[in-house]
């Protein structure tokens, strides 16, 4: 794509969304779409709508609801790329309150005017709307916990740069959770030149494999794409109703195009995570080179680490104890907190305390890495511990097979190793 073509697309996209802001009307498809539409305000339930001014709902331009993907927690700092009228920013701000914050970034001044008006009407304070490009995010490195976006990345002419910038501003362990349009195969070259399809969120959409490759190239791991709505004939006919004959190539036959692209275009959820440790580049200081992440496992009230409190042995806890002991001996920074004998550890960490207030002790165990919650409801596996601590490959000294139970002596031996007395656990 030439610089002239890229500038032409940016200008067309900006004008389309400026007009949408001025009219406070939905886009990315005809206004006559019903609640079954693949775009717009139909992606939000009544509970979400009740929290927001009507103008924010009417101006929703997305193709999903990324606030449901992001698993936002109180205290998170959230950034919405291409925030439009602010619907996802305002919803996110309520979820991360009282200590978290939600940023919205948009390149269209008219949208920022609308978003700030909606912020005032919603009475939400922990929100800031920024004017700028999603290819050049005006925030510092490692400053955001979660990035969301709603049908905007497809509008960028440099998607690789979008993912690089998202990676830059995310903190280690931070999450990318976006809704967008994804293709199962490329559009024909003549269709990618149709400006109405660019501004309508179709022509710039990535093929799924390319989206995965770009996110991985930016440095993301655990990349996952899940289609949420596949455009069948009905949806394609609805999109085509918003096109004018001059919008399409002279050789294009609309009925043939609809039949050809049945099932090719889909809304999708895209998720990825920034690694807890950088795997490329050189550390800037010796302390950065040698530092390992701090891993904390918060578990329910147990009589002892291995669960040997009666006749049954909890094999998972036996293996966990062996894994933690081995990794600690290798210099890993790992701590294990039992609710029965270390309650202050739970109370002193905001993320853990908030989790207990919502889920109760039944939701434990919980694992954090450098203060970021990475696992709940289950103990970390051996592979997860290796990843959390920055060790990239299993070592043969970690316990690989179930513990043999020598007759008559195992309970006592395990109890002595785990801090339990010979008559049971304290």
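The values are calculated or read from the model by the stated rules, or taken from the named source; none is laboratory data. Computed from a prediction, not measured in an experiment: that's the story for all the values here. Heads up, the Cβs are rebuilt from the backbone with ideal geometry, glycines too, and the neighbour counts pull from every protein chain shown.
Each row is one residue, and each column tells you yes or no for (1) assigned by TED's automatic domain parsing to the domain that holds residue 171; (2) surrounded by 24 or more Cβ atoms within 10 Å (Cβ to Cβ); (3) farther than 27 Å from residue 350 by Cα.
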residue: 98; (1), (2), (3): yes, no, no
residue: 115; (1), (2), (3): yes, yes, yes
residue: 121; (1), (2), (3): yes, no, yes
residue: 132; (1), (2), (3): yes, no, yes
residue: 140; (1), (2), (3): yes, no, no
residue: 146; (1), (2), (3): yes, yes, no
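Look at (1) more than 30 Å from residue 261 (Cβ to Cβ); (2) modelled with pLDDT of 90 or more and you find that residue 176 fails only one, number (1). If you go through the range 352-370 and pick out every residue that is in a helix (DSSP H, G or I) and in contact with a strand residue (DSSP E or B) (Cβ under 9 Å, 6 or more places away or on another chain), you end up with 5. Here residue 166 does not fit the description of being farther than 23 Å from residue 274 by Cβ and crowded, with 18+ Cβ neighbours inside 10 Å. Residues of the range 372-386 that are over 18 Å from residue 325 (Cβ atoms) and touching a residue at least 40 places away in the same chain (Cβ under 8 Å): 372, 373, 374. Residues in the range 74-100 that are in a loop (DSSP other than H, G, I, E, B) and in contact with a strand residue (DSSP E or B) (Cβ under 7 Å, 6 or more places away or on another chain): 76, 82, 83, 84, 86, 100. Of everything listed in (1) more than 28 Å from residue 352 (Cβ to Cβ); (2) at pLDDT 90 or above; (3) more than 20 Å from the chain's Cα centre (by Cα), the single unmet condition for residue 125 is (1).
Go through 316, 336, 279 for me and flag whichever is at pLDDT 80 or above and not in a helix (DSSP H, G or I). One residue alone meets the criteria, 336. Answer with yes or no whether residue 373 is touching a strand residue (DSSP E or B) at 6+ places or on another chain (Cβ under 8 Å), farther than 18 Å from residue 97 by Cβ and not in a helix (DSSP H, G or I). It is false that residue 373 is touching a strand residue (DSSP E or B) at 6+ places or on another chain (Cβ under 8 Å), farther than 18 Å from residue 97 by Cβ and not in a helix (DSSP H, G or I).
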